[in-house]
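The values are calculated or read from the model by the stated rules, or taken from the named source; none is laboratory data. As the structure is a computational prediction, the values presented were derived from the model and not from experiment. Every residue, glycine as well, gets a Cβ built from its backbone with ideal geometry; the counts of neighbours run over all protein chains shown. Heads up: the accessible areas ignore ligands, DNA and RNA and are worked out on the full protein's heavy atoms, side chains in. Shrake-Rupley method; radii C 1.70, N 1.55, O 1.52, S 1.80 Å.
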Amino acid sequence: MPRKSEPTTRSCIVSREAMPSERLIRFVLDPEGRVVPDLRHRLPGRGVWVTARADMVALAEKKRLFSRGFKEEVKVEPGLADRVEALLEDAALHAVSFARKAGEIVTGFAKVEAAIARDAVVGIVQAKEAGADGRSKIEAALKRRFGRADAVPILRIFRSEQLDLALGRSNVIHAALLAGRASENVLERVAALACFLGEDGLVAIGDDVGAIDAPQVRDTNVSAMAEDPAGQKTE
């Protein structure tokens, strides 16, 4: 039996690689025999595991590997990877919303710049539409405070309209995460979503935080997902 402090290891049904369970997504069968994701690893029944990346989930669906993993014929409704993405995105946005309720997030360019100068900032959230001028000014503020612009994670994975809903205000482009458990949860949830999508360009993780690195796919011939170009928008 592994110690509680040690990660539980499971094998991906696509790559056959063993890795800590937090780097995989567990799938179970619902009462109708359909494959459903169990992101919290809590649902009852036999589970099979897939590396937590969209291309790997899509490959498992395409090659009918779930039936092999469950050792029976199962139903996989088309678009399984998209449904997992939606769940991960939902979890990350709920974490952002909870950070606001916990008082661990500030919004607005001026407030973010001021927080960087004086508060315990552990991350920056910027909308995909954030303009180059605003991004460079925030990075300059981080460099003044910490000596380098990548001292904390800079998260650029949500659109402004998504941040508006999560934070209960309009036209959110820049936000700062303040030290606390709720902010740590945001970083963890966003890192998991970014890893699943392969969108490393949208999430810059500083050395002091540590990203969830996407495992390398071997002998699967799956190309990386293309990254959608972000538009430009200033606050």
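Can you tell which of Leu88, Leu93 is farther than 26 Å from Gly47 by Cα and either surrounded by 14 or more Cβ atoms within 10 Å (Cβ to Cβ) or under 20 Å from the mean Cα position of the chain (by Cα) (or both)?
So the residue among Leu88, Leu93 that is farther than 26 Å from Gly47 by Cα and either surrounded by 14 or more Cβ atoms within 10 Å (Cβ to Cβ) or under 20 Å from the mean Cα position of the chain (by Cα) (or both) is Leu93.
Go through His41, His94 for me and flag whichever is touching a helix residue (DSSP H, G or I) at 6+ places or on another chain (Cβ under 8 Å) and farther than 21 Å from Arg169 by Cβ.
None of the others qualify; the one that does is His41.
Name the pairs whose Cβ atoms lie under 6 Å apart, with the first residue in the stretch 160-186 and of a type in the set (Asp, Glu), the second outside any helix (DSSP H, G or I) and surrounded by fewer than 20 Cβ atoms within 10 Å (Cβ to Cβ), and 6 or more positions between them or separate chains?
What qualifies is Asp164/Ser170.
When you go through Arg83, Arg145, Arg100 one by one, which is the residue that is among the basic types (Lys, Arg), assigned to a helix (DSSP H, G or I) and touching a Gly at 6+ places or on another chain (Cβ under 8 Å)?
From the options Arg83, Arg145, Arg100, the qualifying one is Arg100.
Would you check which residues across the stretch 10-34 are touching a Leu at 6+ places or on another chain (Cβ under 9 Å), surrounded by 21 or more Cβ atoms within 10 Å (Cβ to Cβ) and of a type in the set (A, V, I, L, M) and list them?
Answer for the stretch 10-34, where residues must be touching a Leu at 6+ places or on another chain (Cβ under 9 Å), surrounded by 21 or more Cβ atoms within 10 Å (Cβ to Cβ) and of a type in the set (A, V, I, L, M): Ile13, Val14, Ile25.
Count, please, the residues in the stretch 96-109 that happen to be open to solvent by 30 Å² or more (accessible area, probe 1.4 Å) and over 16 Å from Glu184 (Cα atoms).
Looking only at that region, the number is 1.
Give me the pairs, please: first residue somewhere in the stretch 78-99 and farther than 16 Å from Arg156 by Cα, second residue anywhere and open to solvent by less than 80 Å² (accessible area, probe 1.4 Å) and of a type in the set (Val, Ile, Thr), beta-carbon distance under 6 Å, and either six or more positions apart or on two chains.
So the pair list comes out as Leu80/Val57; Ala81/Val57; Val84/Val57; Ala99/Ile105; Ala99/Val186.
On the phi > 0 side of the Ramachandran plot, open to solvent by less than 60 Å² (accessible area, probe 1.4 Å) and either in a loop (DSSP other than H, G, I, E, B) or not aromatic (Phe, Trp, Tyr) (or both): does that describe Gly69?
no
Would you check which residues across the stretch 37-66 are of a type in the set (A, V, I, L, M), open to solvent by 40 Å² or more (accessible area, probe 1.4 Å) and outside any helix (DSSP H, G or I) and list them?
Leu39, Leu43
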